[in-house]
Amino acid sequence: MPSLRTALLQSSGRPGAVAENLKVLDEAAARAAGAGAGLLVSPELFLTGYAIGDAVPVLAEPADGPGAEAVAEIAVRHGLAVLYGYPERAGERIFNASQLIGPDGTRLANYRKTHLFGCFEQEWFTPGEQTVVQADLDGLRIGLLICYDVEFPENVRAHALAGTDLLLVPTAQMHPFQFVAESVVPVRAFENQMYVAYVNRTGPEGEFEFVGLSCLAGPDGTVRARAGRGEELVLGEVDPELLAASRAANPYLHDRRPGLYGSLA
């Protein structure tokens, strides 16, 4: 099975300007496809911006809304899958969500963030209730989490047990928590024997300072691609052969003793 070249779009776009953010996404998709990528991953709430306050309910839209249609057009135009973050409206509730659109424009998976971080998110969003959301892409099982979710080892282990090969984690990682990007994410990839694409915002936005440092971490714990602190598009390979070899060599999942872990829940 060939590798899946994955592009990580590290950008904050223009908060509050959906049309401008779609333009940034379209330009990144063109560059990614030109470099042979089959998947483009953008940050948390990329469609609208993160620190948009009272604009959250104004800009929130259904999973099949105009944002999804626009991203589907981008995916089809450039022939690659696209993962984007957005505020999802479902009736009276609003979720911090991410959606994976296939290269043919099909909506493959939609995930609602289960662990909300800080007062801002807890004020505007309802936590999701489904831990494991997956889709199949180019022979790989793709899983979705968002930012703070990956800091809970139970979430990532649930994905490992469900067979996730590549975990996509759009994020809004802020100062002073850059150690998550630098250290936690590669460890999550190693201990769960999967690839993790952690894709961050960058620069100041409202009261926040996003730290960049997006990465693609491999199942051997090494970082296969790493961005700096600014706007950047980085590419890395998700190699099924390396994944299989690493899983064969690493006994973590095989040596688990679930009967001892009941008290953790």
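A few notes on this one:
- Hypothetical label at Glu154: residues of segment 111-138 whose amide nitrogen lies under 12 Å (7 Å Cα-Cβ projection): 115, 131
- Each label was represented as a point 7 Å from its Cα along the Cα-to-Cβ direction; for Ala90 and Arg107 these points are 1.1 nm apart.
- Candidates Val133, Val24, Val58, ranked by Gaussian network fluctuation over the chain, Cα under 10 Å, top entry: Val58
- Using Cβ point charges alone (K and R +1, D and E -1), the dipole size of segment 182-265 about the Cα centre works out to roughly 360 debye.
- Residues in segment 156-265 average 44 Å² of solvent-accessible surface per residue, probe 1.4 Å, ligands and nucleic acids excluded.
- About its Cα centre, the dipole of segment 218-265 is roughly 300 debye, where the only charges are +1 on Lys and Arg Cβ and -1 on Asp and Glu Cβ.
- Where (i) 27, 21, 17; (ii) 31, 19, 18; (iii) 34, 18, 17 are the candidate values, the label of the one calculated here for semi-axes √(5λ) of the Cα gyration tensor in Å is (i).
- Measuring spread by the Cα atoms of segment 82-165 yields a radius of gyration and Dmax of 13.1, 39 Å.
- For segment 225-239, putting each phi into the Karplus relation 6.51 cos²θ - 1.76 cosθ + 1.60 with θ = phi - 60° gives couplings of 8, 9, 8, x, 9, x, 5, 6, 10, 10, 10, x, 9, 9, 9 Hz, in residue order, rounded to whole numbers and with x for Gly and Pro.
- The chain: antiparallel DSSP beta bridges as a percent of all, rounded to 5: 70 percent
- Charge sum, other residues only, whose C-beta stays under 14 Å from Pro153's C-beta, Lys/Arg counted +1 and Asp/Glu -1: -1
- Measure of compaction for segment 1-92 (Cα Rg per 2.2 N^0.38 Å): 1.09
- Within the accessible surface of segment 3-150, defined with a 1.4 Å probe on protein heavy atoms only, the carbon and sulfur portion equals 48 percent.
- Cα-based Kirkwood hydrodynamic radius, segment 156-247, one decimal, Å: 13.3 Å
- A cut-off of 5 Å between modelled amide H atoms, ignoring neighbours fewer than 5 places along the same chain, links Thr114 with Gly128, Ile146.
- By a 1.4 Å probe calculation restricted to protein chains, Asp64 has an accessible surface near 100 Å², given to the nearest 10.
- Computed from backbone phi with θ = phi - 60° and the Karplus coefficients 6.51, -1.76 and 1.60, the 3J(HN,Hα) list for segment 181-195 is 5, 6, 10, 5, 4, x, 5, 4, 4, 5, 6, 10, 6, 8, 8 Hz; x is used for glycine and proline.
- The relative contact order of the chain comes to 19 percent, based on Cα pairs under 8 Å that sit 6 or more residues apart.
- Max mean-square fluctuation residue, GNM over the chain, Cα-Cα springs under 10 Å, options Thr106, Thr48, Thr202: Thr106
- Viscosity 1.306 mPa s, temperature 10 °C, Stokes-Einstein D of segment 192-245 from Kirkwood C-alpha radius, µm²/s: 131 µm²/s
The values are calculated or read from the model by the stated rules, or taken from the named source; none is laboratory data. Treat the numbers as computed from the prediction; the structure is a model and nothing was measured. Backbone-built Cβ (ideal geometry, glycine too); neighbour counts: all protein chains shown. Each accessible area value is taken on the protein alone, full model and side chains, heavy atoms only, with ligands, DNA and RNA left out. Shrake-Rupley method; radii C 1.70, N 1.55, O 1.52, S 1.80 Å.
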